[in-house]
1. Just one of (1) assigned to a strand (DSSP E or B); (2) surrounded by fewer than 16 Cβ atoms within 10 Å (Cβ to Cβ) trips up residue 51, so point out which.
2. Return the total of residues in segment 25-42 being closer than 14 Å to residue 9 by Cβ and in contact with a strand residue (DSSP E or B) (Cβ under 8 Å, 6 or more places away or on another chain).
3. Answer yes or no as to whether residue 4 is part of a loop (DSSP other than H, G, I, E, B) and in contact with a strand residue (DSSP E or B) (Cβ under 8 Å, 6 or more places away or on another chain).
4. If you check residue 33 against the conditions, is it in a strand (DSSP E or B) and in contact (Cβ under 8 Å) with a residue 24 or more places away in the chain?
5. Looking only at segment 18-29, which residues are more than 12 Å from residue 3 (Cβ to Cβ) and surrounded by 12 or more Cβ atoms within 10 Å (Cβ to Cβ)?
6. Residue 9: at pLDDT 95 or above and buried (at least 16 other Cβ atoms within 10 Å of the Cβ), yes or no?
């Protein structure tokens, strides 16, 4: 799949704060995502990120 900076994604497992919608802020070998509910930033390996994404909501939605 193609992910771009600014895309919002829904993950299979929710963050401990209860949110499961994330905004992508960096792509490459690692993907940096920010939780839309609490603002926590997480850096995830690209392969692990691919497996954890349920769906792409779209850009800046």
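The values are calculated or read from the model by the stated rules, or taken from the named source; none is laboratory data. Note that the structure is a prediction, hence the values are computed from the model and not measured. Cβ coordinates were reconstructed from backbone atoms using ideal geometry, including for glycine residues, and neighbour counts include every protein chain displayed.
1. Single failed check for residue 51: (1).
2. 10
3. Taking the combined requirement at face value, the residue satisfies it.
4. Answer is yes for this residue.
5. Across segment 18-29, the qualifying residues are 19, 20, 21.
6. yes
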